[in-house]
Amino acid sequence: MEAKIVAAGRGWQWLLEGYGLFRKSPALWLALTIAIALMWAVSFIIPVLGPLLFNLLSPALFAGLMIGCRALESGKPLEIAHLFAGFRQHAAPLVTVGGVYLVGTVVVVGIVLVIAGGSTLPEVLSKPGADIEALRAAARSMMLALAVGAAVYLPLLMLVWFAPMLVVFNGLAPVAAMKLSFAACVGNTVPFLVYGAALLLATFVLSLPAALGTVGGVLVIALFVASIPVLICSVYTSYQDIFARG
């Protein structure tokens with residue numbers, strides 16, 4: 001199985017097609033998004049272990065959403081039960097992908113903490129009349145840590161971007177799925193750059209109502225919540241474009 005190289009403009013189309021899938025069942029998409037958000041929030045009730053477990057199971061949960069996308073695309077209804085569909089037949093390989101993602105995430109967080117270890121930004125900000133040079137030094141340390149963290153996280157994201165779908169829809173083993181996912185992302189760097197630019201532009205536009213004050217802030221939150229299912233659906237449309245369409 002090979003990944004196709006698609007045109008740069010397809011990156012923008014993934015979002016538009018994702019919105020098309022969202023429009024077919026907006027209420028249920030929002031319900032699924034809220035359900036996952038609640039599961040994430042509840043995971044923090046168990047310190048350390050809870051968030052780690054959520055990360056471990058996240059590819060299986062995500063695979064369920066992708067199965068929901070395929071159902072909508074084929075004219076079938078989206079259901080709340082789709083959220084757990086990935087556990088029915090592909091639990092072991094999806095959890096394996098989740099294990100790689102979990103270990104990678106821990107490594108990324110560790111790198112960020114080590115680099116930011118010398119940052120005193122919280123302490124500097126908490127003191128009235130903080131020295132401007134100390135503030136600048138602390139901010140530089142924090143920004144460097146975040147930049148390195150983002151650079152290290154990107155390859156991890158590329159490994160798992162398509163992996164759940166390749167496991168569920170194509171029957172690939174976890175390692176093979178992650179290798180192919182990474183290769184597909186590398187080969188389609190340009191459309192993914194367009195995709196990222198479109199996301200940044202959408203984020204900027206959605207943030208504009210914040211200038212209206214409290215009401216605008218509430219509107220911004222609502223818009224961002226509504227945009228999450230579109231982003232989820234766009235991952236599916238990117239998979240279809242690169243792997244499934246002729």
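Every number in this text was worked out from the coordinates using simple rules, so none of it is lab data. Note that the structure is predicted; figures quoted are calculated from it, not measured. For neighbour counting, all protein chains shown are included, and Cβ atoms are generated from backbone atoms with ideal geometry for every residue, glycine included.
Helix 214-239 and the longest principal axis of the C-alpha atoms of the chain enclose an angle of approximately 40°. Does anything in the stretch 55-74 have its amide N under 17 Å from the 7 Å Cα→Cβ label point of residue 24, and if so which residues? In the stretch 55-74, the label zone of residue 24 (backbone N under 17 Å from the point 7 Å along Cα→Cβ) covers 63-74. Rounded, prolate or oblate: which fits the chain when a ≥ b ≥ c are the square roots of the eigenvalues of the alpha-carbon gyration tensor, with rounded for a/c under 1.5 and prolate only if a/b beats b/c? Judged from the Cα gyration tensor, the chain comes out prolate (a/c at least 1.5, a/b above b/c). The distance separating the Cα centre of the stretch 48-112 from that of the stretch 150-217 comes to 15 Å.
Distance between the pseudo-spin-label points of residue 203 and residue 31 (7 Å out from Cα toward the beta carbon): 3.1 nm.
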